[in-house]
Amino acid sequence: MYMESQTTHLRELLQEIAHLNAAIALLNWDQEVFMSPGSAQARANTLASLSARHHELVIATVLQNEVTRLEGLPDGALDARETALVREIAHDLRLAVKLPTEFVARITEATSRGQMVWQAARAANDFNQFAPVLEEIIALNREKAEYLGFTNSPYDALLDTFETGLTSSEVTKVFTPLKERLIPLLKQIAARTTAKRSDLEGNFSKESQLQLSRDVATAMGYSFDHGRLDLSTHPFSTSFHPTDARITTRVDEQDFWVCLGASMHETGHALYEQGLPAADFGSPLGEAASTGIHESQSRSWENIIGRSKPFWEHWYPELQRRYPEPFAHINLDQFLPALNEVRPSFIRVEADEVSYNLHIILRAELERDLIEGTLNVADLPKAWNAKFKEFFGLDVPSDALGVLQDVHWSCGYFGYFPTYALGNLYSAQLWAAVRRDIPTIDTSIAKADYAPFLGWMREHIHRYGRQYRPAELLTRATGESLNPEYFTAYLQERYGMSASTE
Ligand SMILES: [Zn+2]
């Protein structure tokens, strides 16, 4: 695939690490999909051991020396892709060497255990069960921020691990005005909403829903020869190689969109992974640009396409055929507003797209305060519920419907939530560019021909891997740096509010 070049040895070293990484990811996938709860501690120990070994390979002298040698080459010795490869791996290594191996083992063990404790605590609706391990995980994340280093806030160091260069003050700069627009917009749209998602309830068997998900994923361009679909508590996607990018979903037998929406979301992630250049497996050039760019792919499919009229012009007759009850009695013009009911609700993953970013901003503000030490774990449920009242006007009835609903903090993912909102903002900006470049895109989508859309993403996003940093990739793809106006304009257009961009 690649001619012998200056980066051949580096690529070989990175592939060895990538294979170990794939094995770790497979064990994590198994933990979520198949493993019995009684195996949790043994699995935590296995993952801690393998992660420590992975970390040793990453910080090994041989790799450091090779990167140093490549960084020292004269200008012009490397082409643009190779230059980006060296820049990105040097960035990763500089961060990795700051984390002691024993620390990596400790945080891996705590978060693996944390996920199991969280599952039990959520099922029991008992925050106190989760609080001690959450305190431990927050302390470990503060310790991590100290190792990585930061200027203003320890939260900066954690954000940077998901979205290179992102800082707490930039998050505030984007989120605060967005919050101030979304709170009244949500009230306004919800007040005019009469259709109800519950009008679409029926009895939809698990197997038939999984089949619908498989059919839609296949139409989207997902290859089942290079992945699979399974069930898990919290839907996710994971990839071991572009030829093995897996997705999970969950089923609600009354509400078909819980499964299909999650499946389209995760398929969007997996299409990105299947679209990464396999020849660059193991190197940053074969990896997704960032967590936020990843989320832009999933949200594009789930929301911008999956909730649109053109998408359902093809799939609604199919839904009516598969489920005559209740859909034979509901026409497309009744179905769409019901599917897109806008109403403040408790669960982020079931939220409409107007509310969704407010769920994220709430979490981002709380996790920043937890990491900066201005909020204690003991006060977290109260703080959650107070913000929920402020943003959505609702009283949270239980911790299971509130602070315990998400897996992320139990995994140690502090700094991850903001990338969800960024993903939405990116997706709206990318969509504006797609429509400009492909004026017939709605007609294609109405025929279930997603090749033009996927092809645009492959060409402007997927094939680059991490050649460009997220901000530059977005600018190259859309001709403009991040502009949240595209997102609010998109919401106003879809929900029939007067456009502010005119
Ligand atoms: Zn996602």
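The values are calculated or read from the model by the stated rules, or taken from the named source; none is laboratory data. Worth saying up front: this structure is predicted, and the values here are computed from it rather than measured. Cβ atoms come from the backbone with ideal geometry, glycine included; neighbour counts cover every protein chain shown. Just so you know, the surface numbers come from the protein's heavy atoms only, side chains and all, with ligands and any DNA or RNA stripped out. Shrake-Rupley method; radii C 1.70, N 1.55, O 1.52, S 1.80 Å.
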So is Asp280 more than 15 Å from the ligand (Cβ to nearest atom) and within 20 Å of Arg299 (Cα to Cα) or not? no
Residue under evaluation Val434, criteria (1) open to solvent by 10 Å² or more (accessible area, probe 1.4 Å); (2) free of Cβ contacts under 8 Å to residues at least 40 places away in the same chain; (3) β-branched (Val, Ile, Thr), criterion not met: (1)
Right, Thr218: modelled with pLDDT of 95 or more, under 24 Å from Tyr323 (Cβ atoms) and within 16 Å of the ligand (Cβ to nearest atom) or not? no
When every residue in the range 111-149 that is open to solvent by 50 Å² or more (accessible area, probe 1.4 Å) and at pLDDT below 95 is compared, the one nearest to the chain's Cα centre (by Cα) is Gln119
Whichever residue in the range 178-190 is within 12 Å of Tyr495 (Cα to Cα) and out of contact with any Lys or Arg (no Cβ under 8 Å at 6 or more places or on another chain) and, among such residues, is most open to solvent (accessible area, probe 1.4 Å): Gln188
Test Ser213 against the stated conditions and say whether it is among the small types (Gly, Ala, Ser) and surrounded by fewer than 21 Cβ atoms within 10 Å (Cβ to Cβ). no
Are any residues in the range 408-431 surrounded by fewer than 20 Cβ atoms within 10 Å (Cβ to Cβ) and within 12 Å of the ligand (Cβ to nearest atom), and if so, which ones? His408
Could you say which residue among Ser232, Ser239 is open to solvent by less than 30 Å² (accessible area, probe 1.4 Å), under 26 Å from Gln119 (Cα atoms) and within 16 Å of the ligand (Cβ to nearest atom)? Ser232
Given the conditions (1) more than 24 Å from the chain's Cα centre (by Cα); (2) crowded, with 18+ Cβ neighbours inside 10 Å, report the number of the one that Phe103 does not fulfil. (2)
List the number of the failed condition for Ala471; all other conditions in (1) at pLDDT 95 or above; (2) under 18 Å from Ala80 (Cβ atoms); (3) surrounded by fewer than 20 Cβ atoms within 10 Å (Cβ to Cβ); (4) not basic (Lys, Arg) hold. (1)
When every residue in the range 270-287 that is under 20 Å from Leu229 (Cβ atoms) and open to solvent by 20 Å² or more (accessible area, probe 1.4 Å) is compared, the one nearest to the chain's Cα centre (by Cα) is Glu273
Scan the range 342-362 residue by residue and report those that are part of a loop (DSSP other than H, G, I, E, B) and under 14 Å from Pro184 (Cα atoms). Val342, Arg343, Pro344, Val354, Ser355
Considering only residues that are open to solvent by less than 10 Å² (accessible area, probe 1.4 Å) and in contact with a Leu (Cβ under 9 Å, 6 or more places away or on another chain), which ones fall in the range 361-376? Ile361, Leu366, Glu367, Leu370, Ile371
Do we have Thr249 as within 16 Å of the ligand (Cβ to nearest atom), in contact with a helix residue (DSSP H, G or I) (Cβ under 7 Å, 6 or more places away or on another chain) and at pLDDT below 95 here? no
What pairs come up if the first residue lies in the range 293-321 and is more than 14 Å from Ala262 (Cβ to Cβ), the second is away from the ligand (no atom under 16 Å from the Cβ) and not in a helix (DSSP H, G or I), and their beta carbons are under 7 Å apart, counting only those six or more places apart or on different chains? His314/Lys447; His314/Ala448; Gln320/Ala328
Restricted to the range 252-269 and to residues being within 11 Å of the ligand (Cβ to nearest atom), open to solvent by 10 Å² or more (accessible area, probe 1.4 Å) and not acidic (Asp, Glu), the residue farthest from Glu350 (Cα to Cα) is His269
Whether any residue in the range 59-74 is open to solvent by 50 Å² or more (accessible area, probe 1.4 Å) and in contact (Cβ under 8 Å) with a residue 40 or more places away in the chain is what I want to check. yes
Does Gly292 qualify as being away from the ligand (no atom under 15 Å from the Cβ) and over 25 Å from Ser444 (Cα atoms)? no
If I go through the range 378-406 residue by residue, how many of them are surrounded by fewer than 17 Cβ atoms within 10 Å (Cβ to Cβ) and either more than 24 Å from Pro132 (Cα to Cα) or touching a residue at least 40 places away in the same chain (Cβ under 8 Å) (or both)? 9
